[in-house]
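See below for the structure under consideration.
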Amino acid sequence: MRRDWWMCAAVMTLAVFGLLVQVRLAGSLPTTEGLLPFAAGIVCFIACAIACGDGRAGAFLEGKGKWVAFWLAAALMAALLVFGHRYRGGLYLPGRINPSELVKLCMAAFLAGWLGGKSSTVKGLALCGVLMLTVAAAGDFGMVAQLVLSVAAILWAASWAWGTLAVVGVAGGMLLAAANPAGHLATRFAVWKDPFADMTGSGWQTLQGLAAILSGGYAGSGFGLGEVQAVPIVASDFVYAALAEELGLSGCAAVLALWAFVLFRGIRTAVRRADKSPCEALLAAGIVSSLAVQAMLNVAGVLNVLPMTGITLPLISLGGSSLVTTLAMCGVLAGMSGPFADAR
Amino acid sequence: MAVLLAAHARWLSAGPKDPRFVRFLRRYDRRSNVGDRLPPHGAAVDRRGSPLDVALPGSVFQHVLDDLSITTDGKPVSLSLDARLQARGEALMAGKRGALVAMEPATGRIRALVSAPRAAYLDRALNGMYPPGSVFKVFMAAAALSADVDPVFNCPAEGYRSSRSTPPIRDVEARRNRKWKGFGRIGMGEALTHSSNTYFAQLGVLFGPERFADAVVAARLADPAKVLAGTGVALEAAGCNVPDGLRAPELAPVAIGQGALQLTPLSVAMFTAAVADDGIMLEPTLSQAAPPRMRARPFTFAAAGRVKKMMRAAVRGGTGRGCDIPGLAVCGKTGTAETGRGRDHAWFTCFAPMEAPRLAVTVLVENGGFGASAAVPVAREMLLEAQRLEMFR
């Protein structure tokens, strides 16, 4: 099996496109939140691809790897809860680093290693629950939603019964309710149900986003020609509205199709590795589900199909930690796709 | 992903049909290309179905018509306005500050409604508050006659003092001509024809606070009027500022329109129309479809008939001579309201023809000076335009 170069190309296209979008939205090249994480992310992508190649990821996770992942995540969350400061409702480490992004990868790795090694599921889920509790304590609603859905996806991939999934769902729901920073959750649900109730207040961003999407139509106004700044904080959560206004439904379809291609190739990797290394298969499934959930929750939030969760559109939205982590996750996928010395 | 794209595509077709979202866009969206894709907004037609461009940007009507066109599902809104009369009114008031109202006395339908200059938050005709000056004498005369108060007063050149502490209320002639001897003993007819302040100040005091309060309630001067009632859209004309607890001496300046009482141009048009319509006041309306509804019955038939004749005399040989149109029995009353600073506000309120009134016109020109010189020509042009439009047939 050769390395999945097509997937690598798609990821790079998305990352470069995301940087272009950020340059357009900022009006100049954003250094600390754009170029620097982009460079770091490319390095991480290559490093992860090499490190996880040739079955090394599975071997590592079956051994000490899962504990490394678990304690790394635990340490990051502990540091966040101790040293974190609030910014726009989220908790960040100094330098506005959001370590809970990395927790996504760590938890997928831990659970994949645990379940692939045929250890006790309940114990593994309990440990994941502890990690998610810390994320909930940090008040990161969107991240908890992502983690819960990604855990469910890994369980499903490990062919677990629907009953277990139901338990995870209930527990996840309770966690989501717990991760409610200062009543933001109620506001977001209220905006989702009726954005017109407070149209110049809490509903403003959503309505302006919808107006941008409508003004873009099918073809869009052209890259750089829209009035995208009418949407507040358009560069991060609402970047999809900017894409929709300037590139239209067709441009959005192209971006989502690229993402769908990356995810599809990730699933293909998971299926191909299922016999050789169940750990790697589950890790691929975890990464794919995490990225899919992130992209879908973000776009659905902007379209007001679901409440806004405050999570970003991977590789496109402004956000250094998210960019680096997403590229690292894609690097892991690329590494696990091949080539393998024992394949022939 | 496909589901999301489907949701995106669905929004592109459903968004412009969502009335609340359309309203949001019209009020708050800065993208010009959005409006182009929506049905032409604020489209309105007049009573004959001709397009009406009152929904010009910057007017109070803009939002109102947006709301109206939403209730009619994008079809043009049919208003009671007459496009040509409205256009003439807008042209006549261009460059001035003030308001113009033309309404049909028998139905309450507003045929022209101008607020100049165009402003998004204040419609002067509906919500501007002004001292009415002498046009209020029409109301006082009709209210007094309705209560069988019809006195004869001595009106000397030195005027009338309602109390020792207030300066005398005098007639304009006394200020212009020092040798003027005064009107002498005159009745209400002569007083209204020549707009005697001295007479009406005394009438106010004689009429008294109780009867005055009753007359204000009977005419519903303080009540707001919903001029789009029945259409599902709220557009309210303000109720007038009527001071409470007036004592008899304070009614002297109120009776000549210079007291604490402030009226909207629409309310002046409404009581003028009530005089024209034999004492019956109809709900003012901008909707062509809404059936006429009675609002109040402030004056008696006999009182309205007598005030009509007095207003006719004022146009034939009194202060309103500038509005005498051959072949049309115009009844009118001028007003010149002192503002305390700047030039006076000029008023003229009239209706025609006397026997079967078809149109009442009220004109206010802020700081226009004398009513006879600033407001009367505007009203005259409006009546001539209405005559050309065969509204008096």
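Numbers for the structure displayed
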{"read-out": "For chain A, built as a Gaussian network whose Cα springs stay under 10 Å, the top-fluctuating residue of A:Ala78, A:Ala112, A:Ala136", "value": "A:Ala78"}
{"read-out": "Peptide ranges B:4-16, B:282-294 listed from the most packed, as the mean C-beta count within 10 angstrom indicates", "value": "B:282-294, B:4-16"}
{"read-out": "³J(HN,Hα) computed for each position of the stretch A:227-241 - Karplus, 6.51 cos²θ - 1.76 cosθ + 1.60, integer Hz, glycine/proline x", "value": "9, 5, 6, 5, 8, x, 6, 5, 5, 9, 5, 9, 5, 4, 5"}
{"read-out": "Inter-chain Cβ neighbour average for residues A:204-215, partner chain, 10 Å", "value": "5"}
{"read-out": "A:Phe264 versus A:Val130: modelled label distance in nm, points set 7 Å from Cα along the beta carbon direction", "value": "4.1"}
{"read-out": "Inter-centroid distance (Cα atoms) of the stretch A:63-115 relative to the stretch A:12-47, Å", "value": "22"}
{"read-out": "Cβ-Cβ FRET estimate between A:Asp275 and A:Thr32, R0 fixed at 41 Å, reported to 0.05", "value": "0.40"}
{"read-out": "Label-point gap, in nm, between A:Ala9 and A:Ala47 - each point 7 angstrom along Cα→Cβ", "value": "2.8"}
{"read-out": "Zone residues, the stretch B:130-154, relative to B:Trp180, backbone N less than 15 Å from point 7 Å out along Cα-to-Cβ", "value": "B:134"}
{"read-out": "Other-chain or far-sequence residues with amide H under 5 Å of A:Ser317's (modelled H)", "value": "none"}
{"read-out": "Alpha-carbon Rg with Dmax, taken over the stretch B:286-393, Å", "value": "14.9, 43"}
{"read-out": "Full-extension gain in nm, B:Arg247 to B:Ser165, via 0.36 nm per residue minus C-alpha separation", "value": "28.1 nm"}
{"read-out": "Residue with peak Gaussian network fluctuation, chain B [Cα springs, cutoff 10 Å], from B:Arg88, B:Arg164, B:Arg297", "value": "B:Arg164"}
{"read-out": "Highest to lowest packing among B:226-237, A:279-290, scored as the average C-beta count within 10 Å", "value": "A:279-290, B:226-237"}
{"read-out": "Per-residue ³J(HN,Hα) for the stretch B:162-178, Karplus 6.51 cos²θ - 1.76 cosθ + 1.60, θ = phi - 60°, Hz, x for Gly and Pro", "value": "7, 8, 5, 7, 9, x, x, 8, 10, 8, 4, 4, 5, 7, 7, 10, 5"}
{"read-out": "Per-residue average of Cβ from other chains inside 10 Å of A:298-304", "value": "3"}
{"read-out": "Taking the stretch B:85-388 and dividing mean pair separation by its residue count, relative contact order in percent (alpha carbons under 8 Å, at least six apart)", "value": "23"}
{"read-out": "Centre separation in Å (Cα based) which lies between the stretch B:225-248 and the stretch B:309-376", "value": "24"}
{"read-out": "Convex hull (Cα only) mean projected area of chain B, reported in nm² to one decimal", "value": "21.4"}
{"read-out": "Mean separation of Cα contacts under 8 Å, 6 or more apart, over the residue count of chain A: relative contact order %", "value": "32"}
{"read-out": "Calculated from backbone phi, Karplus (6.51, -1.76, 1.60) coupling profile of the stretch A:58-72 in Hz, x at Gly/Pro", "value": "x, 4, 5, 5, 5, x, 6, x, 5, 6, 4, 4, 4, 6, 4"}
{"read-out": "Efficiency of FRET from Cβ geometry, A:Ala75 and A:Met174, R₀ 25 Å, rounded to 0.05", "value": "0.50"}
{"read-out": "Straight-distance crosslink candidates among lysines, where the alpha carbon sits under 25 Å from B:Lys181 and sequence neighbours closer than 8 are dropped", "value": "B:Lys137, B:Lys333"}
{"read-out": "For chain A: lysine pairs under 28 Å (alpha-carbon distance), excluding those fewer than 8 apart on one chain", "value": "13"}
{"read-out": "Mean ellipticity per residue at 222 nm, deg cm²/dmol - from DSSP H runs of n ≥ 4 across the protein assembly as shown, formula -39500 (n - 2.57)", "value": "-16500 deg cm²/dmol"}
{"read-out": "Test item: Cα-centred dipole of the stretch A:57-117, Lys/Arg +1 and Asp/Glu -1 on Cβ, debye", "value": "220"}
{"read-out": "Shielding by partners - mean other protein chain Cβ count within 10 Å, residues of B:4-17", "value": "5"}
{"read-out": "For A:Gly203, distant residues with modelled amide H under 5 Å away", "value": "A:Asp198"}
{"read-out": "Listed peptides B:300-310, B:177-187 by packing density, highest first (mean Cβ within 10 Å)", "value": "B:300-310, B:177-187"}
{"read-out": "Förster radius 22 Å - calculated FRET efficiency between A:Arg96 and A:Phe17, Cβ distance, rounded to 0.05", "value": "0.40"}
{"read-out": "Separation of the B:Leu206 and B:Glu173 label points, Cα + 7 Å toward Cβ, nm", "value": "1.9"}
{"read-out": "Cut-off under 5 Å, modelled amide H: who pairs with B:Arg111 long-range", "value": "B:Ala102, B:Met103, B:Glu104"}
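Read-outs throughout are calculated quantities, based only on the coordinates presented, and are distinct from any laboratory measurement. If you're wondering where the values come from, they're calculated on a predicted model, not measured in any experiment. Positions of Cβ are generated from backbone atoms using ideal geometry, with glycine treated the same way; all protein chains shown enter the neighbour counts.
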